[in-house]
Structures are given as structure tokens and as C-alpha cells.
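The values are calculated or read from the model by the stated rules, or taken from the named source; none is laboratory data. Quick caveat: nothing in here was measured; it's all calculated off a predicted structure. Cβ placement follows ideal geometry from the backbone for every residue including glycine, while neighbour counts extend to all protein chains displayed.
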Amino acid sequence: MQHLVAVYKLWFELKQHLRKSAKYTLGEKIDNLFIETLELIFRAQYAPQERTLPILEEANTKFDLLKFFLMTLWETKGIETKHYVLLSEKLETIGKMLGGWLRRFTAAAPPNTKK
């Protein structure tokens, strides 16, 4: 959670310098996905074990969308390459952590709840 908060703080600073056309479109979308992912991870930490897996799956989907829209922002020249690389590297580390957490709960889930 702290890693994602740290990356969000970095994103928040970078977002302030986006051009208007990107700030209020992809910038807002990415910002919302960061916040939704943070909320879902927070909820997963405190959810009963039987409810954690669906929350983690939703968090993982939001996280993948966040990375996709960040890449789209970079591809449309809305963010500098050095900033994209910095954010992407940090998000990759978080993705590995989230993936590990998700695998742990998937393996522990009863067979009828596995997808």
C-alpha cells in the first residue's frame, strides 16, 4: 500500500504539469484509477479472507487499466519518456507484489470460488 501511495504522490506532482488536453482526459482517468486501486487494496487488507480474492481481482484489473492508460498518455506525447519510465518501473514492482498477493489468495481459495 505504501509503495502505491508513494507512486501516486509522484504521479500527482507530474499531473500538475500536463498540458490541459491531457490533464483533463487521460490525466483524470489515470488519477481515478490510482485512487480506485488504492481503495481496493485498502479494502482487501481489512476484508474477511473469503471476500479478499474478488477485491484483489478487481484491484488487479484497475491496476492493469492504470498502466494501459499511462502508456497511452506516453504514446500520445502527454508525458515525457523519463517520467513514464520512472512511473512504469515503480508500477512494475507494485504489480509483482499485487500478483503475488493475488496468487496466494487464489491458491488458498476453495475450489468452487476459483475462476
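Residue under question is Ile55, and the condition is that it be free of Cβ contacts under 8 Å to residues at least 60 places away in the same chain, crowded, with 19+ Cβ neighbours inside 10 Å and β-branched (Val, Ile, Thr); does it hold?
yes
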* Within the set of pairs 6 or more residues apart or between chains, which connect a residue that is more than 29 Å from Pro54 (Cβ to Cβ) inside the stretch 80-102 to a residue that is surrounded by 11 or more Cβ atoms within 10 Å (Cβ to Cβ) and of a type in the set (A, V, I, L, M, F, W, C) with Cβ atoms less than 8 Å apart? -> Thr81/Trp74; His83/Leu14; Tyr84/Leu70; Tyr84/Met71; Tyr84/Leu73; Tyr84/Trp74; Leu86/Leu10
* Ala6: modelled with pLDDT of 95 or more and surrounded by 16 or more Cβ atoms within 10 Å (Cβ to Cβ), yes or no? -> no
* To do: Would you mind telling me which numbered condition in (1) outside any helix (DSSP H, G or I); (2) surrounded by 15 or more Cβ atoms within 10 Å (Cβ to Cβ) Ile41 fails?
  => (1)
* To do: Within the stretch 75-91, track down each residue that is assigned to a helix (DSSP H, G or I) and surrounded by 13 or more Cβ atoms within 10 Å (Cβ to Cβ).
  => His83, Tyr84, Leu86, Leu87, Ser88, Lys90, Leu91
* Asked: If you check Ile94, Ile30, which single one turns out to be part of a helix (DSSP H, G or I), surrounded by 15 or more Cβ atoms within 10 Å (Cβ to Cβ) and touching a His at 6+ places or on another chain (Cβ under 7 Å)?
  -> Ile94
